[in-house]
Amino acid sequence: MRIPSLTVIFLSCVIGILSWVLTPPAIALTQIKLSNLSYKECPPELAQGAVTSGGTTMAANCFIVTGKAANATNKTVYDADIFGRIYDANNNSIMENRTRLGSIDEIPPGSSDFELRISVPVNQPTPLKLKQFKAAGFSAQVRR
């Protein structure tokens, strides 16, 4: 049986230590509870809009979804994606096959307000139904 040379052992140790030292810290995904959801029409300066479906552009109504974001950690959460389902008055999905609705740049520890702008085709009747809303973000900034 051959014993590895001292050089091989030394290099293995150096590589092991460098890989441990140079590895970036893990950025954990943090779940954020969203509550007190409601919506209102956009102010006139934001109200113009259109949606595209299957290559066809249709007129759209603009709404602002509001609510509370609860960050139960003691660290700010960054780049939190908002997920949820939105239905019209007839229980038809507003955004078929799409659950990511937007994002929140920063959520400090505790409870904070959030807003999300959405466009809804004019042919989908209100009131809207906001279901299964949640968010997930990171303990450090990941987007620039």
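Given the condition in contact (Cβ under 8 Å) with a residue 60 or more places away in the chain, closer than 20 Å to CYS42 by Cα and within 16 Å of the chain's Cα centre (by Cα), answer yes or no: does some residue in region 71-88 qualify? There is no residue in region 71-88 that is in contact (Cβ under 8 Å) with a residue 60 or more places away in the chain, closer than 20 Å to CYS42 by Cα and within 16 Å of the chain's Cα centre (by Cα). Looking at GLY54, is it out of contact with any helix residue (DSSP H, G or I) (no Cβ under 9 Å at 6 or more places or on another chain), modelled with pLDDT under 65 and exposed (fewer than 10 other Cβ atoms within 10 Å of the Cβ)? Yes; evaluated as a whole, the condition is true for this residue. Applying the criterion of being loosely packed, with under 14 Cβ neighbours inside 10 Å and polar (S, T, N, Q) to the residues of region 57-91, the residue that is farthest from LEU37 (Cα to Cα) is THR57.
The values are calculated or read from the model by the stated rules, or taken from the named source; none is laboratory data. Treat the numbers as computed from the prediction; the structure is a model and nothing was measured. Heads up, the Cβs are rebuilt from the backbone with ideal geometry, glycines too, and the neighbour counts pull from every protein chain shown.
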